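Enquirer: Encoded as structure tokens, here's the structure I'll be asking about.
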Amino acid sequence: MGNDLIIPDRLPLLPVKDIVIFPYMIVPIVVGRDKSIMAVDRALSGNRLIMFATQRVVAQPVPNEQADEDVYSVGTVGQLLRMLKQPDGKVKILIHGLKRAIIKNFNSDDGAIMVDVEPFNQIEMPNDYQSEAQMRTVKEQLAQLVNMGKPAYPDFMEMLETIKESDKLADIISSNMGVPIAESQALLETNSPMERLKKISEHFKRELAIIEVQQKIATETRGGMDKNQREYYLREQLKAIHKELGEDEDIAADVDDYGKKIAEAKMPENVEKEARKQLRRLTTMHNDSSESSVVRTYLDWLVELPWSKHSRGRLDMKRAQRILDEDHYGMEEIKERILDYLVVRKLKKNMKSPILCLVGPPGVGKTSLGRSIARAIGREFVRISLGGVRDEAEVRGHRRTYIGALPGKIIQGLKTAGASNPVFMLDEIDKLGTDVRGDPSSALLEVLDPVQNAAFVDHYINLPFDLSNVMFIATANILDPIPAPLRDRMEIIRLAGYTEEEKLAIAEKYIVPRQLEETGLDTFNVSITKKALMELISGYTREAGLRKLEQMVGTVCRKVGREIVEKKRDRKKNEVVEKDLLRYLGHRQVQDVYIFQKPRYPWYSSQTRHNTRRASEK
């Protein structure tokens with residue numbers, strides 16, 4: 001049978017799933033549906049011819065024998081070559097596709113689906129040069145695909161060389177292309193062999209392009225895998241070498257640990273590159289060598305610095321105002337300045353932090369004000385004391401040329417804060433010294449310059465660190481010792497001393513409750529009268545700040561506590577009055593108040609008064 005086959009008008013229909021039967025195609029099929037098995041029986045009882053049509057919907061359990069939309073109308077008439085019944089009731093058949101046909105009507109006969117068919121009109125193509133050229137193109141494309149890894153049956157290419165008819169070549173290649181059902185059905189329904197060959201050629205072009213991309217990806221992936229495998233092999237060799245040399249077997253674990261920390265630190269690209277370079281150096285060093293210790297310390301600093309960690313902060317005006325008022329009495333100018341900073345920060349997110357300098361006498365609350373500012377804006381607080389610093393390396397760091405070198409105080413403070421935008425207090429900036437080891441005030445010029453500190457380079461780290469988000473607050477007692485270039489980079493805010501009324505309010509609100517709590521007297525309801533506090537302020541302290549006053553209040557609290565423990569004071573009478581100060585603190589410590597006063601106490605003799613006057617005159 002072949003092209004000369006005469007197709008009967010009616011044939012049994014065998015719907016197939018997931019496959020399109022082409023002429024010249026020999027394929028085994030397993031039949032399990034009752035109607036399909038009956039169709040096979042009808043074909044075997046006759047001329048062994050059967051109509052194969054592909055289902056449109058694969059999930060359709062049994063095609064409706066009256067609905068032609070369930071199967072494609074164009075199919076292939078095939079011949080049953082063999083039939084084998086299986087134990088589970090299914091039938092396995094071997095078929096041979098012969099010729100295209102068109103389904104016209106559906107009928108039913110004893111359970112089998114019968115269809116009326118008519119021949120498919122196919123255009124006959126002469127074997128001219130154009131046909132031969134198209135056939136050769138398709139064969140060459142298929143050969144390239146096979147060479148690039150596309151699976152094919154053994155001797156398939158040799159068999160194709162023997163085919164000279166374009167329609168036969170198109171059908172045989174179509175049946176072995178492995179294309180989707182819709183595309184295969186479109187090839188089956190194309191009546192021109194030349195058009196079928198063109199469609200096959202277009203499909204092969206797409207396949208060649210896809211395979212080339214796949215091979216490129218596979219090559220790149222394999223190259224990466226080969227590199228990883230080579231590195232793994234070299235690392236294992238290095239481990240063996242270290243083991244033979246008696247070095248620490250945990251050096252590889254340390255290297256892996258540093259690698260994870262570097263990845264988690266989220267460093268800038270240039271910093272991570274340097275860290276990876278130092279890590280590679282570490283793998284080649286003896287674990288107990290001094291250079292290994294230097295590299296490990298350097299890596300520890302790199303991974304622990306807050307390169308990408310920020311305090312989120314709170315830009316809440318009312319909260320900031322409340323915190324500043326809770327922590328400090330008065331100081332309206334500095335509070336207004338902080339609130340102005342918050343307003344600008346809220347309007348412009350990427351603004352540079354200001355550099356404030358709080359100038360005032362000792363004890364007026366400069367350092368504690370810095371803590372309050374940090375709490376008000378929701379940032380970390382770190383403080384370093386610059387009093388007596390004479391070495392420039394204390395600010396800019398030591399160069400990594402010897403064991404024991406460390407970064408400067410700025411980098412150390414940032415590591416302590418754990419964030420790249422803390423409130424950083426430079427305490428006692430007016431007490432910086434200068435000697436042969438350099439000028440620390442000159443090193444601070446870069447730190448406190450808003451234009452330059454975005455790329456501050458510490459000599460130890462030797463990599464730029466962004467300080468533009470740090471809010472620097474410097475403190476000083478006087479401005480004269482501060483060099484003019486350094487003063488110009490700071491906004492000066494003066495804190496004057498407190499009046500007696502302000503001291504009294506601060507003592508009642510802050511100092512007395514704090515000292516009662518620190519001495520454990522808050523549970524005994526101890527209190528100090530207002531007159532006693534005024535006597536402490538005017539007769540025992542005459543400073544601009546509050547440090548001496550707090551010391552005196554602490555002394556009074558400790559004396560009261562001792563009397564309570566020794567039962568020399570009635571627990572119900574825990575109010576400290578003015579006359580108690582003589583017993584606790586002795587005579588008044590401000591000398592000039594006694595020159596024109598009469599003796600208030602028996603021990604205040606004329607000789608004592610004479611000595612007091614002489615001391616005052618001197």
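Enquirer: Tell me, which residue of the stretch 413-428 that is over 22 Å from the mean Cα position of the chain (by Cα) and touching a residue at least 40 places away in the same chain (Cβ under 8 Å) is most open to solvent (accessible area, probe 1.4 Å)?
Expert: Glu428
Enquirer: Sticking with this one: One residue is enough: does the stretch 123-136 have a residue meeting the conditions crowded, with 17+ Cβ neighbours inside 10 Å, at pLDDT 85 or above and under 18 Å from Ser201 (Cα atoms)?
Expert: Here is the first cut: in the stretch 123-136, the ones crowded, with 17+ Cβ neighbours inside 10 Å are 125, 131, 134-135.
Then keep just the ones that are at pLDDT 85 or above; that gives 134-135.
Narrowing the set further to residues that are under 18 Å from Ser201 (Cα atoms) leaves 134-135.
Yes, the stretch 123-136 contains a residue that is crowded, with 17+ Cβ neighbours inside 10 Å, at pLDDT 85 or above and under 18 Å from Ser201 (Cα atoms).
Enquirer: Kindly establish whether Glu326 is more than 17 Å from Tyr498 (Cα to Cα), of a type outside the set (Gly, Ala, Ser) and more than 37 Å from the chain's Cα centre (by Cα). Break it down stepwise before answering.
Expert: Working: more than 17 Å from Tyr498 (Cα to Cα): yes; of a type outside the set (Gly, Ala, Ser): yes; more than 37 Å from the chain's Cα centre (by Cα): yes.
Answer is yes for this residue.
Enquirer: Also, quick follow-up: Step by step: first the residues of the stretch 474-499, then only those that are touching a Ser or Thr at 6+ places or on another chain (Cβ under 9 Å) and outside any loop (DSSP other than H, G, I, E, B), then the one that is farthest from Pro440 (Cα to Cα). Which residue is that?
Expert: So the residue we want is Thr475.
Enquirer: May I ask you to list the residues in the stretch 296-313 that are surrounded by 14 or more Cβ atoms within 10 Å (Cβ to Cβ) and modelled with pLDDT under 85?
Expert: Ser311, Gly313
Enquirer: Name the residue that is nearest to Leu546 (Cα to Cα), counting only residues in the stretch 329-384 that are free of Cβ contacts under 8 Å to residues at least 24 places away in the same chain and acidic (Asp, Glu).
Expert: Per the criteria, the residue is Glu332.
Enquirer: I've got another one for you. Kindly check whether there is at least one residue in the stretch 89-100 that is farther than 16 Å from Thr54 by Cβ and either of a type in the set (S, T, N, Q) or free of Cβ contacts under 8 Å to residues at least 12 places away in the same chain (or both).
Expert: no
Enquirer: Restricting attention to the stretch 153-187, which residues are of a type in the set (S, T, N, Q) and surrounded by fewer than 20 Cβ atoms within 10 Å (Cβ to Cβ)? It would help to see each step written out before you state the result.
Expert: Here is the first cut: in the stretch 153-187, the residues of a type in the set (S, T, N, Q) are 162, 166, 174-176, 184-185.
Hits for the stretch 153-187 are Thr162, Asn176, Ser184, Gln185.
Enquirer: When Arg82 is evaluated against the numbered criteria (1) modelled with pLDDT of 90 or more; (2) under 59 Å from the mean Cα position of the chain (by Cα); (3) open to solvent by 30 Å² or more (accessible area, probe 1.4 Å); (4) not small (Gly, Ala, Ser), which criterion, by number, is the only one it fails?
Expert: For Arg82, the failing item is (2).
Enquirer: Need at least 2 residues that are closer than 30 Å to Leu339 by Cβ per element, so show me which helices (runs of 4 or more DSSP H) inside the stretch 366-465 make the cut, counting only ones lying wholly within it.
Expert: Details: elements: 366-377, 393-396, 409-417, 440-447.
In the stretch 366-465, 366-377, 409-417, 440-447 are the helices (runs of 4 or more DSSP H) which contain 2 or more residues that are closer than 30 Å to Leu339 by Cβ.
Enquirer: Separate question: Consider only pairs whose beta carbons are under 6 Å apart and that are at least six residues apart or on different chains; among these, list those whose first residue lies in the stretch 188-214 and is under 28 Å from Gln55 (Cα atoms) and surrounded by fewer than 16 Cβ atoms within 10 Å (Cβ to Cβ) and whose second residue is modelled with pLDDT under 90 and of a type outside the set (Val, Ile, Thr).
Expert: Final answer for the pair search is Asn191/Gln122.
Enquirer: Let me ask something else about it. How do the helices (runs of 4 or more DSSP H) wholly within the stretch 500-572 filter down when requiring 3 or more residues that are at negative phi and open to solvent by less than 10 Å² (accessible area, probe 1.4 Å): which remain? Walk me through it before giving the result.
Expert: On the way: elements: 500-506, 512-518, 530-539, 547-565.
Output list reads 530-539, 547-565.
Enquirer: Could you list, in sequence order, the residues of the stretch 546-569 that are out of contact with any helix residue (DSSP H, G or I) (no Cβ under 9 Å at 6 or more places or on another chain) and over 19 Å from Glu517 (Cα atoms)?
Expert: Glu566, Lys567
Enquirer: Could you figure out which of (1) within 28 Å of Val364 (Cβ to Cβ); (2) out of contact with any Leu (no Cβ under 7 Å at 6 or more places or on another chain) isn't true of Gly418?
Expert: Failed condition: (1).
Enquirer: I've got another one for you. Name the residues in the stretch 264-284 that are among the basic types (Lys, Arg) and under 15 Å from the mean Cα position of the chain (by Cα), would you? Give the steps one after another, and end with the answer.
Expert: Here is the first cut: in the stretch 264-284, the residues among the basic types (Lys, Arg) are 266, 273, 276-277, 280-281.
Across the stretch 264-284, the qualifying residue is only Lys266.
Enquirer: For the structure I just gave you, tell me whether Gln122 is in a helix (DSSP H, G or I) and either over 60 Å from the mean Cα position of the chain (by Cα) or among the small types (Gly, Ala, Ser) (or both). Outline the logic, then answer.
Expert: Values: in a helix (DSSP H, G or I): no; either over 60 Å from the mean Cα position of the chain (by Cα) or among the small types (Gly, Ala, Ser) (or both): yes.
No: the conditions fail for Gln122.
Enquirer: Related question: When Ser441 is evaluated against the numbered criteria (1) open to solvent by 50 Å² or more (accessible area, probe 1.4 Å); (2) in contact with a Ser or Thr (Cβ under 9 Å, 6 or more places away or on another chain); (3) among the small types (Gly, Ala, Ser), which criterion, by number, is the only one it fails?
Expert: For Ser441, the failing item is (1).
Enquirer: Identify, from the list Lys348, Lys366, the residue that is open to solvent by 40 Å² or more (accessible area, probe 1.4 Å) and on the phi < 0 side of the Ramachandran plot. Quick ask: steps written out before the conclusion?
Expert: Values: Lys366 fails: open to solvent by 40 Å² or more (accessible area, probe 1.4 Å).
Of Lys348, Lys366, the one residue that is open to solvent by 40 Å² or more (accessible area, probe 1.4 Å) and on the phi < 0 side of the Ramachandran plot is Lys348.
Enquirer: Does Gly387 meet the test of being open to solvent by 30 Å² or more (accessible area, probe 1.4 Å), under 30 Å from Leu546 (Cα atoms) and modelled with pLDDT under 90? Show your work before the answer.
Expert: On the way: open to solvent by 30 Å² or more (accessible area, probe 1.4 Å): yes; under 30 Å from Leu546 (Cα atoms): yes; modelled with pLDDT under 90: yes.
Yes: the conditions hold for Gly387.
The values are calculated or read from the model by the stated rules, or taken from the named source; none is laboratory data. Keep in mind that this is a model prediction, so the values were computed, not measured. Here the Cβ is made from the backbone with ideal geometry for all residues, glycine too, and neighbour counts use every protein chain on show. The accessibility values were calculated without ligands, DNA or RNA, using every heavy atom of the protein model including side chains. Shrake-Rupley method; radii C 1.70, N 1.55, O 1.52, S 1.80 Å.
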